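Undergrad: Have a look at this one before I ask anything.
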Amino acid sequence: MESRWPLKILKGPATFRTTHKLDKRAWQSDHSSMNMYELIAPYYDLEHAGYQDDVDLYLNYAIAVGSPVLELGCGTGRLLEPLARRGIEVVGIDSSPAMLARARQHLQERNMLKQVELIEADARGLHLNRRFRLAFVALNSFAQFTTRQDQRAVLAVIHEHLLPGGTLILDLPNADVHRYQQADGQLFHQGTWTDESQRTIVSHFIAATNDQEARVLHLTHFYDIHPQAGPLSRIVVENELALLSQGEAELLVESCGFQIGHLFGDYDLNPCADSTPRLIVVATRDSA
């Protein structure tokens, strides 16, 4: 799940009605149960509508290497739109029908649907019979694969779908999750927004539990929906983030047939360090 980070910490118990709860990783397919984003797609869209911090990163690389471009975990199309607007041929993959429906709606409203192909699929078993010059997994989405088996499966899929010498970009959490790791039992306020279409106020809170041994961060997301003149309701969903060190990320990517080109620590492309907010891996596919 793409996610921005908390504004403040709230302490003390919450006393709201829970309407849904499930534990599913964001854009992975699980046909036995509802995908996490089938519940929160409208609120995800509301929360990320104005987020632009990483757009130039992908736009500049896409322009440099050329079409076609593949995004795994495209969600509601936040990054597909600016790429398509610049004439980049782009394919977006996600396993959530609700997220893809919103992406399709946004693209259609902007007359860009013909420039983007949207595919519902599990990233671990994708087979498109075509290759790309650039593939990327944005804003923490790769970290939601918490086992080495799944991580390697996704990287193998990307390797299969990149042209020799093609570019891979992974955007992973780094120092920006330290406050989560150090705040077991506390509640973070992610933000509050007004949904004009539904005449509701939506607040997003996150509680985190850090599993130091497994190097996994367990996140519980609370979406509080307050309609005008109506009762407050709450949707609760859970997911996990793998916490990869710089060395672990390098070894993992290199072991899957890529050569590391750059390790950036933020969207201004400064070098990665323990204190930088992001771990952005830029690598090239081998020629084999």
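A short reminder: the numbers here are calculations on the coordinates, not readings from a lab. Here the structure is a predicted model, which is why all the values come from computation and not from measurement. For neighbour counting, all protein chains shown are included, and Cβ atoms are generated from backbone atoms with ideal geometry for every residue, glycine included.
Undergrad: Tell me, rounded to the nearest percent, the portion of alpha carbon pairs in the stretch 191-259 spaced more than 20 Å apart.
TA: Counting pairs separated by more than 20 Å, the tail of P(r) holds 53 percent.
Undergrad: Hey, another quick one. In the calculated pair distance distribution of the stretch 133-229, what percentage of Cα-Cα distances lie above 19 Å?
TA: Across the stretch 133-229, Cα pairs with separations above 19 Å total 59 percent.
Undergrad: Tell me the mean residue ellipticity at 222 nm calculated for the chain from its helices only (DSSP H runs of n ≥ 4, each -39500 (n - 2.57), averaged over every residue, nearest 500).
TA: It comes out at -7500 deg cm²/dmol, rounded to the nearest 500.
Undergrad: Something else about it: Which of Tyr44, Tyr267 has the fewest other C-beta atoms within 10 Å, and how do the rest follow up to the most?
TA: Taking fewest neighbouring Cβ atoms as first place, the list is Tyr267, Tyr44.
Undergrad: Using unit Cβ charges (K, R positive; D, E negative) and no other charged atoms, how large, in debye to the nearest 20, is the dipole of the chain about its Cα centre?
TA: 460
Undergrad: Return the loop-located GluC sites (Glu not before Pro) in the stretch 189-281 (DSSP other than H, G, I, E, B) with at most 15 other Cβ atoms within 10 Å of their own Cβ; answer none if there are none.
TA: Glu196, Glu213
Undergrad: Among Gly73, Gly261, Gly92, which one moves the most in a GNM of the chain with springs linking Cα atoms closer than 10 Å?
TA: Greatest mean-square fluctuation among the candidates belongs to Gly261.
Undergrad: A further question on this structure: Let me have the relative contact order for the stretch 42-121, percent, based on Cα pairs under 8 Å that are six or more residues apart.
TA: Rounded, it is 28 percent for the stretch 42-121.
Undergrad: Most exposed first by the Cβ proxy, i.e. fewest other Cβ within 10 Å, how do Leu219, Leu241, Leu128 rank?
TA: Lowest count first: Leu128, Leu219, Leu241.
Undergrad: To continue, here is another question. Can you give the local net charge around Leu217? Use residues other than it whose beta-carbon is closer than 10 angstrom to its beta-carbon, Lys and Arg +1, Asp and Glu -1.
TA: In short, -1.
Undergrad: In units of 2.2 N^0.38 Å, what is the alpha-carbon radius of gyration of the chain?
TA: Rg over 2.2 N^0.38 Å, computed on Cα atoms: 0.98.
Undergrad: Continuing with the same structure: Helix 148-161 sits at what angle to the longest principal axis of the chain, using alpha carbons and giving 0 to 90 degrees rounded to 10?
TA: 50
Undergrad: Considering every Cα-Cα pair within the stretch 148-288, what fraction, in whole percent, is farther apart than 17 Å?
TA: Tail of P(r) above 17 Å: 68 percent of Cα pairs.
Undergrad: Using a cut-off of 14 Å between beta-carbons, work out the net charge of the residues near Cys256 (Lys and Arg +1, Asp and Glu -1, Cys256 not included).
TA: The answer is -2.
Undergrad: Here's something else I'd like to know. Using DSSP to define loop residues, name the trypsin sites (Lys or Arg not before Pro) in the stretch 97-203 whose beta-carbon has at most 16 other beta-carbon atoms within 10 Å.
TA: Hits after loop and neighbour filter: Arg110, Arg130, Arg131, Arg199.
Undergrad: A further question on this structure: Counting other C-beta atoms within 10 Å, which of His159, His204 has the fewest, and how do the rest follow?
TA: The most exposed by this proxy come first: His159, His204.
Undergrad: Counting only other residues whose beta carbon sits under 15 Å from that of Leu168, what net charge do I get with K and R as +1, D and E as -1?
TA: Here the charged neighbours net out to -2.
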